[in-house]
Structures are given as structure tokens and as C-alpha cells.
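Data block below; observations after.
The values are calculated or read from the model by the stated rules, or taken from the named source; none is laboratory data. Here the structure is a predicted model, which means the values were calculated and not measured. Cβ atoms come from the backbone with ideal geometry, glycine included; neighbour counts cover every protein chain shown. Note: areas computed on protein heavy atoms with side chains; ligands, DNA, RNA excluded. Shrake-Rupley method; radii C 1.70, N 1.55, O 1.52, S 1.80 Å.
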Amino acid sequence: MITKIDRELAEQIVNTIKDVCDHDINFIAPSGIILASTDSSRVGTFHEIGQQAADSGSVLEVTEDNNFSGTKQGINLPLYHNEYLLAVIGITGAPDKVRSYAYLAERITNLLIREQELNQYSRRQADKKHFVIQSLVRNETDNQEYLTSCLHEFKIDLNTKKRIVFIRINKQNTITNRSILEQKIQQMFAQAHVCLHTFNYPGDFIALIEENEFEKQNYIFKLFAKEHFDILNIAVGKPTSLFQLHISYQSAETALHSLTISSEHYVVFDDLTLELILSTITPENQKEYLAKTIAPLNEQELHLLEVYFSEEMSLAATSERLFLHKNTLQYKLNAIQKKCSLNPRKFQNAVLLYLAGKIQGD
């Protein structure tokens, strides 16, 4: 609740009222000092009648200039909000001409104050949500009493399983209007019935979702990732109890990292198998492994291997899919063997080539 108005809001108030009534406006502190004015020369000066209006709590009119210290003719209206005297609004001009603007000025001021209160409330709520999620994913519950009160405030069930949803905006992509993307993410969270979510600079969104909701809303995340494949990746951690969410977060990070060796942009940790191993390989080791396996091959040969392995190493099925004669296919496989010294027809060699393809990304 606002009990004191800062200079920035005071300037916004006087300028907004000025736009409506086209008279100079003064925003006067209860002490009589003008905090903001459309007449910049009056800012910081003493307004005697403004102080009297604040002290008496009543509207005071001045019919002539300079009858009071630092005062011109006009109306001076005490401004109350939630029973607190915040300031006095002074409208400069003949009282008969500006009197009709007094109520309007009061309404505009209250609307602007209410808007700031709502913004402050939203920021406080966002700060609380950030605290809750960060405490849970980092397993930092030192302030248990406050954490519990926040969980109750947000109506988080302490006894059900939940998952962490991790959205990362790709660093290499320049987004001309990030606020639009963030709004879309917020809308997607609302559609998926996400419990809590927060943002970590520069491009990570972390959300908490009930396991039973995720089972129903999984398709929403998958579709969102598909629609924004050139901008972001989404990974979902394993289901855990509330105070084990740091494990769900760690698994979501692992799942997210697995996308670096994949052409996909959405992954659920539960679905990972080979990717769990491949995602732990350092970039240096990946480079070394590729140099020893498929580095000499061109794009056509890599595509051939991809199809060959997807068809369970069947020469007939691969030939049909690639519209190649069987002998031509065998010739191409022999050429691959000569280039990288690994025979795709032999199981152990094929495994090495298959893993190389996965590391490089299908």
C-alpha cells in the first residue's frame, strides 16, 4: 500500500492531469514543498496555501495571485488514499474555470496510484515466486518458515509429485522483440496450468508443474517448442516430491544438454536412453571421436548411414528408400569403409558409426 509518493510518480500525475485540463498543475507535499509541477520554476518552492489545505484536510481556493507565499490563484485539493493524506493537488487558474477539474484530477491521481500499487504487488509476487523456485531447485531451505508461507500463499500442494520445466532461449538468436516472446511463454504457462515460474537472466525460464497436470498438458510444451524451434529449447525433468525438486532440476538440465547433440527442440528426461551417456561427453572428446570415425565422410554418405541404421541395416529396405540398386548401395558402403576404416556391415563397426552420427546430430 502506497503511503508516500516519489518524485517520478508525482511528475507522471501532474503531466497526466495537465493533458486533460490544460492548466498548470502542482503536486504539493503536506509540508508545502512543491514536489512536481508543470511549471518547472516552481518545483522545490514553498506553497503556503498547499500546506494549509494539507493541515486542514479541506479544499482551499485562492482567487488572487500572491495573497499567500508562493501561491497563485487556483484550487488546492488534499489527496487521500486509504485514509492517508498523500499530498495536495494544486490546479492553477481562476477557481470558477478550474473547479470542474478538481474531481477529475482526484480520479486520475487515484488511478495512477492504484496502477503503481498493482505493479508493486506484481513485482512482490514475482520476487516470492523466484524465491520459492530458487530455494527448491538449489535445495536451499534455510528460511523454511518463509518458504512454507509462500507455498501456502500460492496454494502449492506439499504432498504431490512435480516436475521442473526448463526453457532456454538460444543465445545465438537475436530476438528483435523479446517482450513478445516472454508474453507468449507466460500465456503458454497459463494454458498448461503451471504452478509457479520465474526467469533467470539472460534467457532461462524455470517452471514448476504438477505431475498429473504435466501428463495432460505435455503436448502444449511439445507444440510450443515446435512452433519456436529456431528460438528456444524446452526440457522437462523427472517427477519428484516437492522438496526433491533439485533432482528434477538437475535431470532437466541433463535433458536440455542432450538437445545439443540432437535435431530436436523438446525433450522429457524420462525418454532419454543413449542420450544420457552422449550428453556427458565433453566437446573436446566429441571432436576427437568424430575425427576418428565419420569426419572423412561427405553429407550424402552421412545421410546414407542415417537411413541405413534407421532401416535396421537392411540392404533391401535402404535401397528401396534411397531409390538405389542393391549393388550401388553396397558400392557406396564399401566407399565409406575405405574412407573411415570402419565397415558399416559389421556390428561393432556399425555401433561406432551410429554413435558418431548421434554425437554429430542427426
Requested in this report: State in Å² the accessible area per residue of the chain; use a 1.4 Å probe, count heavy atoms of protein chains only, and round to the nearest integer.
Outcome: 55 Å²
Query - Sequence of 22, 157 from largest to smallest accessible area, 1.4 Å probe - result: 22, 157
Query raised in the report: Could you give the distance between the Cα centres of the stretch 187-205 and the stretch 308-353, to the whole Å?
Result: 45 Å
Requested in this report: Give the residue from 324, 139, 224 lying farthest towards the positive end of the charge dipole for the chain; charges sit on Cβ (+1 for Lys and Arg, -1 for Asp and Glu) and the dipole is referred to the Cα centre.
Outcome: 324
Query raised in the report: Mind checking the angle between helix 144-153 and the chain's longest principal axis? C-alpha axes, 0 to 90 degrees, to the nearest 10.
Result: 80 degrees
Query raised in the report: Hey, any idea what % of the stretch 156-278's accessible area is carbon plus sulfur with a 1.4 Å probe?
Result: 51 percent
Report summary line: For the residue 69, residue 143 Cβ pair and Förster radius 45 Å, calculated FRET efficiency rounded to 0.05 is 0.30
Requested in this report: Pull up all non-local amide H partners of residue 33: gap of 5 or more, or a different chain, and H-to-H distance under 5 Å with H placed in the peptide plane.
Outcome: 47
Report summary line: Taking the dipole of the chain about the Cα centre (Lys, Arg +1; Asp, Glu -1; charges at Cβ), the one of 100, 302, 273 that reaches farthest to the positive side is 302
Query - Residue among 31, 251, 41 with the largest mean-square fluctuation in a Gaussian network model of the chain, springs linking Cα atoms under 10 Å - result: 41
Requested in this report: Would you mind pulling out the separation of the Cα centroids of the stretch 50-75 and the stretch 76-91, in Å?
Outcome: 13 Å
Query raised in the report: Going down the table (184/287; 155/184; 18/129; 171/358), which pairs top 27 Å between alpha carbons?
Result: 184/287; 18/129
Query raised in the report: Hey, in the GNM for the chain with a 10 angstrom Cα cutoff, which one of 287, 162, 129 fluctuates hardest?
Result: 287
Report task. Work out the FRET efficiency for residue 123 and residue 19 from their Cβ-Cβ distance, taking R0 = 25 Å, and round it to the nearest 0.05. Result -> 0.40
Report task. Kindly express, to the nearest 10 degrees and within the range 0 to 90, the angle between helix 283-292's C-alpha long axis and the longest C-alpha principal axis of the chain. Result -> 20 degrees
Requested in this report: State, as an integer percentage, the relative contact order of the chain based on alpha-carbon contacts under 8 Å between residues 6 or more apart.
Outcome: 10 percent
Query raised in the report: What per residue convex hull volume, in Å³, do the alpha-carbon atoms of the stretch 156-278 yield?
Result: 101 Å³
Query raised in the report: In degrees between 0 and 90, to the nearest 10, how far off the longest principal axis of the chain does helix 299-310 point, with axes built from Cα atoms?
Result: 80 degrees
**Report entry** R0 of 45 Å, Cβ-Cβ distance residue 307-residue 284: FRET efficiency to nearest 0.05
**Finding:** 0.90
Report task. Sort out the exposed loop GluC sites (Glu not before Pro) in the chain (DSSP loop, at most 14 other Cβ within 10 Å) and tell me the longest stretch that has none. Result -> 141-311
Report summary line: Reported to the nearest 10 Å², residue 236 has, with a 1.4 Å probe, an accessible area equal to 0 Å²
